[in-house]
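Nothing in this text is a laboratory measurement; each read-out follows from the coordinates by a stated rule. Bear in mind that the values here come from a model prediction, so they are computed numbers and not experimental data.
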Amino acid sequence: MSYRLLNLACGSKISNHGNWVNVDFKSPNPNVRECNILDGLGYRSQYFDVVYSSQFIEHLSYCVAQKVLEDLAKILKKGGFIRLVTPD
């Protein structure tokens, strides 16, 4: 079984191992899908098994963070995992 994995707001820390989709607003790396995360990710419902994001969510206002988390909940499969890493 191949899991679909999302590396959200990846910056320069991308993963080329496994079935990762690396996403960020802007990147010189061709392995990163560029998109404005704040406008929605554009994936269909229940598409990803895992969402990972490090050092991103704390930079958003409460309302914007809520919107991003709602989008992540929509694209995450039932029983999937979200791991958000923050400095605190």
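When the Cα atoms of the chain are aligned to their principal axes, the ranges along those axes come out at 36, 32, 26 Å in descending order. Anisotropy class assigned to segment 43-88 is oblate, per the alpha carbon gyration tensor with a/c at or over the 1.5 cut-off and a/b no larger than b/c.
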